[in-house]
Amino acid sequence: MKGRNAKSHNSGQALIVASLVISVMLLSTAYYVYDTEVNITTSQTAADLSFLTTKSSIVNTLTSALANVTNGGDTGILRTDLDELSSTIENDSYDGILDLQFTPLNSSLYQNGIYISWGSNGTGISSAFVSFLINFSGPYDNSYSEYEANVTTAIAIESTITGNGPEKDVNVTCTMLNEEDSALASDITIYYQNETSGPWTTVLPSDNLISIDYGNGTYFMSFTVSAQNTLQVSAQAHDLRNILVIANTTSVEV
C-alpha cells in the first residue's frame, strides 16, 4: 500500500511539475508575442508620429518662407529655412533617428522652389514647391517616405466698366484660392491705371467704394472714378497666411 501510495504521489507531483512547465512555456510565449507586438506598435507609432510631425513642419516652413518672399524678402530664405528645419529635426527626432533631405523644384516655372506670377492676364500666383526624402530608423523598425510639399496662393480678378461720361463705374470680382481650394483674404487693395504707362492710383472710400465679402473666397468691389473707356485694374491681396498675391487685368467696357 505504501509503495503504491508513494508511486501515486510521485506521479501526481510529476503531473503538477509538467503542468507548471507547460504553463510557464505558454506564459513565456504569450509574453514574447505581447512584447513583440508592443515593440512593433511603439516603433510604428514613433515612425508615424515623426512623419506627421515632419510633414506639418515642412508645410509650415514653406508657408513662412513664401510669405517672407512675397512681401519683399530674399528668395534664398526658403533654402535657409529648410536647412535649419532639417538640422533641428535630425537633432530632435522622436524615439529614433530621422534623416530629412529636400530638393526645391527647378523647372520652367519654379526657381529654387519659388514661383511668382503677377501678370496682366487676370491671374496672380505665389507658390513654393519642394520634394522631400524622409528616412526613419527606430529601435525595432525602419521606414522610408517620399513626399512633395506645395503651398500656393492664387487670385483671379475680372472687371467691367460702364458710363458714357468722364465718370465711370467700375466693378471688380476677386476669387482667392489656397492649393486650389477656396480661401479667405485678410485684405484686398484695388488700384487702377488710366494709361498703360501711367501711375497706379489706390481706390479709396471717397471713390464711392463698395466692398462685399461673400464668405467663400469671392469678393466684389465697385467704385466710381474719372477714367477712359479702357482701364487697367490691379488687386493686391494677402491670404490668412500673410502670403501676398497680385493680379492685373483690363476692365472690359459693357
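Brief remarks follow.
- Any hit, segment 166-177, residues being hydroxyl-bearing (Ser, Thr, Tyr), closer than 24 Å to Ala67 by Cα and touching a Gly at 6+ places or on another chain (Cβ under 8 Å): yes
- Thr153, sole failed condition from (1) in contact with a His (Cβ under 9 Å, 6 or more places away or on another chain); (2) free of Cβ contacts under 8 Å to residues at least 12 places away in the same chain: (2)
- Matching residues in segment 135-193 - criterion: being buried (at least 19 other Cβ atoms within 10 Å of the Cβ), touching a Lys or Arg at 6+ places or on another chain (Cβ under 9 Å) and closer than 22 Å to Thr230 by Cα: Ile161
- Flag for Leu184 being more than 18 Å from Ile125 (Cβ to Cβ) and among the aliphatic types (A, V, I, L, M): no
- Taken together, Asn216, Asn171, Asn164 contain a single residue that is in a loop (DSSP other than H, G, I, E, B) and in contact (Cβ under 8 Å) with a residue 12 or more places away in the chain, which is Asn216.
- Test set (1) at pLDDT 95 or above; (2) under 18 Å from Tyr147 (Cβ atoms); (3) hydrophobic (A, V, I, L, M, F, W, C) - Leu85 fails condition number: (1)
- Selection of segment 147-206 for residues being of a type in the set (Phe, Trp, Tyr) and under 22 Å from the mean Cα position of the chain (by Cα) yields only Tyr147.
- Residue within segment 27-44 that is under 17 Å from Glu148 (Cβ atoms) and either surrounded by 15 or more Cβ atoms within 10 Å (Cβ to Cβ) or at pLDDT 70 or above (or both) present: no
The values are calculated or read from the model by the stated rules, or taken from the named source; none is laboratory data. Since the structure is predicted, the reported quantities are computational estimates derived from the model, not experimental observations. No Cβ is skipped: glycine too gets one built from the backbone with ideal geometry, and neighbour counts run over all protein chains shown.
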